[in-house]
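For reference, the structure discussed in these notes is given below.
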Amino acid sequence: MASDDRIGPPTFGSEREMLRAFLDYHRATLAMKCEGLADEELRQQSMPPSTLSLLGLVRHMAEVERAWFRRVFEDNDAPMVWSDKIDFQAAYDASVSTRDEAFAAWEAEVESSRRIEREAESLDQPGYQPRWGKEVSLRMVMVHVLLEYGRHNGHADFLREGVDGTVGA
């Protein structure tokens, strides 16, 4: 992690501007935690029995973006990125994955999520969460995904420190 080029969220703004900015900040944090590492370092797992790795987190967040934006607001039957069934654990297996593969999928899902959010008339836009069998608002989805990033960026802190000793942000 050579530099911190993230754009910090504003201290004032509308609810939507704040949610959007904090999501983008956390997305940038995950990318920054992976910066400068080779594929094998990104695949380095935490302590047994966990198989968690930075690359696994990137793959998982591609699934989260798809499951909470694309599947909720566009196509309830969109397939998962890394499995044929609804299996979020499959994304964590990055044993044969590469940075290029994982980041291409994640960045595509992030762009799709951003587009869906931008096109929605309001945070009250309803969508259908097929896993729950009920409607949810865009506001709820944005908060949920923000919490996912917060939790997993905490994991990324420890994983990165374990790979090369780098701490911070």
Discussion item. If I filter segment 52-71 for residues that are closer than 20 Å to D157 by Cβ, in a loop (DSSP other than H, G, I, E, B) and open to solvent by 30 Å² or more (accessible area, probe 1.4 Å), do I get at least one hit?
Written reply: yes
Discussion item. So Q45 ticks every box in (1) closer than 17 Å to V96 by Cβ; (2) touching a residue at least 24 places away in the same chain (Cβ under 8 Å) but one. Which box is left unticked?
Written reply: (2)
Worksheet item: Does V163 satisfy being assigned to a helix (DSSP H, G or I), more than 21 Å from D24 (Cβ to Cβ) and aliphatic (A, V, I, L, M)?
Response: yes
Response to the item:
Being in a helix (DSSP H, G or I), free of Cβ contacts under 8 Å to residues at least 12 places away in the same chain, surrounded by 11 or more Cβ atoms within 10 Å (Cβ to Cβ) and of a type in the set (D, E) narrows E111, E135 down to just E111
Worksheet item: Among the residues of segment 39-50, which ones are part of a loop (DSSP other than H, G, I, E, B), out of contact with any helix residue (DSSP H, G or I) (no Cβ under 6 Å at 6 or more places or on another chain) and either open to solvent by 70 Å² or more (accessible area, probe 1.4 Å) or not hydroxyl-bearing (S, T, Y) (or both)?
Response: Q45, M47, P48, P49
Worksheet item: What tally of residues in segment 109-137 results from selecting those that are more than 16 Å from the chain's Cα centre (by Cα), within 21 Å of F88 (Cβ to Cβ) and hydrophobic (A, V, I, L, M, F, W, C)?
Response: 2
Worksheet entry | Residues of segment 120-139 satisfying the condition of being farther than 20 Å from A78 by Cα and of a type outside the set (S, T, Y) | E121, L123, D124, R139
Worksheet, complete the sentence: In segment 1-38, anything under 17 Å from E101 (Cα atoms) and open to solvent by 50 Å² or more (accessible area, probe 1.4 Å) is listed as E35, G36
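The values are calculated or read from the model by the stated rules, or taken from the named source; none is laboratory data. Please read all numbers here as calculations on a predicted model, not as lab measurements. So basically every Cβ, Gly included, is an ideal-geometry build from the backbone, and we count neighbours across all protein chains shown. Side chains included, ligands, DNA and RNA excluded: accessible areas come from the protein's heavy atoms. Shrake-Rupley method; radii C 1.70, N 1.55, O 1.52, S 1.80 Å.
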